[in-house]
Each structure stands twice: as structure tokens, then as C-alpha cells.
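Structure first, commentary second.
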């Protein structure tokens, strides 16, 4: 027992000593150091003037130091037929821009595809992905001068597919038009606030800019396809831009300044209650107004009373009358005759197929004749001359005057 107790006591002491902070001797004084900071050492090269968030520029190495890649990387993308004339006209400029980055490209008009691949001069392993994005933007309708900017380090792209987000085609076209807005005003506001280039083309939306801006653009577009108007997100971005200018709000939450847009669907009972409240309020207003009352005006002189304007008549809105309830009957309504019953009653069911076809043709011809006659009459109405009124002669006017004078004397 004593041995076990002694061993357990040693183990407990060792655990306590590990959990405690380690003591370090600094200039003859004991100082407690935390366990996770025991092996930290001073870094004299890490000074405060160094910006750890800056991205160093990646330049091409010297020809003596450059070594080609072991494998060739390539990407091939298809393009629509209507982009072929434009791509043929600008392909020389695309080739020269990619050659500066050490990339090669091909335009295959037979198969309708574009290819970008690395060469022995390529020094940046990531630039082939930039070349792939360049071809993707060209295929989606972006102009060449704008698409070439994707080769820069601080610019990225995002092709958002919106074709499958809305099932109804008419609804999809209407919501896609919301992104553009009247005369492109909504699209211009999105570009100014997010600092991105946005192009709405067919079933996709192409965007170019910073990663932060692309995130906002994707959020606006997806919300618009889900029936949230872009003006709500635009207003929120405008408020965020103004709040970022205030240095006092850098470390605070901006939730109290941002608008809260809640989309609420009322149930049938809530809609009925809301409608009844409006009707009750209208009935109270109508009960306080007497339509037969005449406002009293001062009639000091006869001229004022004669020239006074008539009193304004207050129009009373008719109170909606409750619909009459139908008398309750425990018996169900009579069953309507089916199509087969109607054919049996008319004898059409027993006709042969040839006879049925002949009868349908005869009905169709009769209907066509009626329609043609009706249209012919409508066209001929324009050619019917109106009734002409003949002027009365002198004798007719004299007789008419004599007849009128004789009636007055009688």
C-alpha cells in the first residue's frame, strides 16, 4: 500500500508540475512563462515597419535561372457560333498578350473551341488558370480589352449561372431585366458600388473585379433571381460605404445602421382580419358623416348669397354588403353527364369512324362559313354610303312656316 501510495503521489506531483507555469531566470530574477510560450525566441528581423499583408510582385526570372516545367498544362473551352467573327478579328491581340505571359493559344473554328497551354517560356504556374478565365470571358460575350485585364494579379472573375434558378421563362426574363434596370441604371449602380465589371448575357452573368466585390455581386444576383429586388442590396452597400468613412465606427458593429428587410407572407386568416379591420374603420368614418347636412354660411347681403358657391357634396362610399349564404342541403349536387353519356344521347357513339370524320368536317365547314360571312359583312360596312340629307326648297320652307303659324293660331 505504501509503495502504491508513493507511486501515485509521485505521478500527481509530476502532473501538477507540468500544469504549472515554467519559471525562467531573466537577469537574476525569476519570471513565470506560460507553457505554450516556453520555446518562443526573439525575432530581431521582424520589426514594426514590415507590412505582413502586402503581396510581393512576382516577376519573371532571368534567362539563366529559368527552368521550364516538367509537364504541359492546357485548357480547352467551347464558344458559341455567333462569337466566331469577333474572335477571328481580335485573336492576334489575344495571342500577343498571352505570349507576354509565356502562354500559347489556338483557335479551332472547325470544332468551335479555344485552347490555352503552357510553353517552355512560362515561369508562373498559376498564369495558365488566368488564361483559362480569359477564354471563358471571351466566350461569354466580354470584349477583348476588358477581358485582357483578368491577367493582372489583383483581378479575378466569376461566371454566375442563372438559367436554372427560375423555372418559369417569363419570370426569369423579368427578373433578369431587374438586374439591368431602366436604361442600365441598376447595373451601373452595382458596378460603381462593388467596383466590378458586370455583363448580363443569356443564362449567365460575367463579373470581373476584386474578390470582395465579386462576393457582393454574386449575392445581389442570386437574391434577385430569388425575387429580392437589387435596390435593397444597393441601399445596404451605400450605407456601408458611408459608415466606412467614419474612423469612430471601425471597431463597432454596423447592424444598428443597416436596414432590415423582412419578407413576410400573410396567411389567409391574417389577410381576412386585415381586410375586416379596414372595412370596420371605413364604416366608422361613414357613420360620422351625414350626407344630407348643408354647411351654414353667412348671408349678410343678397349679393353674397347669390354669388355663394354651392355646398360641397360628400360622396359616400358604398359599404360592401355581405353575400347571401346558400341554403344548406345534405344531398350532393347532381352528377354532370360525361362525354360518353352525351355521345350516347346524341347517337354519335354508334357512328362509324368515317361517319364521325365526315360529321366533324361538316361542322368545321359550317363554322368557317359563318366566320367568313361575318368578316365579309364587317369589311363591307366601310363601303356603305351614309344617308344623304337633301336641303329643303323655298316652297317647302314656306309651307312649313304657314303650318307652324296655323298651329299657333289654333
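The set of residues in the range 52-65 that are surrounded by fewer than 10 Cβ atoms within 10 Å (Cβ to Cβ) and within 16 Å of residue 154 (Cβ to Cβ) comprises 53, 54, 55, 56, 57, 59. Among the residues making up the range 57-85, those that are free of Cβ contacts under 8 Å to residues at least 24 places away in the same chain and part of a helix (DSSP H, G or I) are 82, 85.
Restricting the range 234-267 to residues that are in a helix (DSSP H, G or I) and touching a helix residue (DSSP H, G or I) at 6+ places or on another chain (Cβ under 8 Å), the residue that is modelled with the lowest pLDDT is 249.
The values are calculated or read from the model by the stated rules, or taken from the named source; none is laboratory data. Computed from a predicted structure; not experimentally measured. Positions of Cβ are backbone-derived with ideal geometry, glycine not excepted, and every protein chain shown enters the neighbour counts.
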